[in-house]
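The values are calculated or read from the model by the stated rules, or taken from the named source; none is laboratory data. Computed from a predicted model, the values in this text were never measured in an experiment. Glycine also receives a Cβ, built like all others from the backbone with ideal geometry; neighbour counts cover every protein chain displayed. Areas reflect the complete protein model, heavy atoms only, side chains present, ligands, DNA and RNA absent. Shrake-Rupley method; radii C 1.70, N 1.55, O 1.52, S 1.80 Å.
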Amino acid sequence: MQEYGTREQIYNLQNNTIQLLLSAQNEAREKLEQICQGIKVEVPLSQRQSLFLFPFADTVNLSDSIDIMIDRFINQIILLESIANPSLPVDLEDVFYFAKKMPVYDAFQIAEYVLNMYLQNNNNALKRIRADCQKLIPLNGSRFSSDSIEVKNDTVINLKASGNLQDSTKYVESLLKMVDVVIHSAEPLKARGARISPGESYLTDDIRLYFFKNRKIRLVFKKPEYTIKFITVLQAAHRPAKNIHLCEKQQLSIASYSSVI
């Protein structure tokens, strides 16, 4: 497969580049040590202070340059792996720390870590969906808190999309994904949304969503229990995600998803 071959070539090039830089740093340090040993033989101890600790010594320290290169390579890995996966938030500092702990830099292992921890992680996907939903403004409140969402007739929620048109449609799409997670217990990574524009509506057996031209949104649930469940998940208090293997994440119920947010 051409795409995989390209990615494989890039990752091999990353590995080789880092190894070359590390080898160059080691060789430079060895050369510096040889110079220092020679100076100890040729220059009396009483005169060595005039050398000001050999100012050229700092020129062989490539650690900062290598760290910058690793940081750029990690960004490249995330971009490549996001092509076939959702573009979800990735903690760059965490991935960098993982890469630095490796005995030998391995782009393939870093890519696998990024996939398992972030891009193919249901908990991470749910956080992104919920974050998008929380950018929608309740018409009677400024943010999602326990009493800011007004529910009419036990089934109707009124919201408004802020931001530009692209952001607004993205937030509404995430709103529909959240509905799929809540009502149908869909995995967040596989939750179905729909791109609808202002002036359009989205109707199913369980909900009716109206996206008006003034960016106001009316979400109508078929059953009151759907409304309660939806708001409960949307307003779930933030808690650190638990470390769960991917195969286990795929079996989590909506109750489990909401418990790790």
(request) Within the stretch 69-95, track down each residue that is over 18 Å from residue 13 (Cα atoms) and hydrophobic (A, V, I, L, M, F, W, C). (result) 83, 84, 88, 90, 92, 95
(message) Cβ contacts < 7 Å: first residue within 15 Å of residue 222 (Cα to Cα) and among the small types (Gly, Ala, Ser), restricted to the stretch 145-173; second residue at pLDDT below 90 and not in a helix (DSSP H, G or I), any location; separation 6+ or different chain. Result?
(response) none
(request) Go through the stretch 37-78 and count every residue that is open to solvent by less than 80 Å² (accessible area, probe 1.4 Å) and at pLDDT 60 or above. (result) 20
(message) residue 232 - would you say it is out of contact with any strand residue (DSSP E or B) (no Cβ under 6 Å at 6 or more places or on another chain), modelled with pLDDT of 90 or more and not aromatic (Phe, Trp, Tyr)?
(response) no
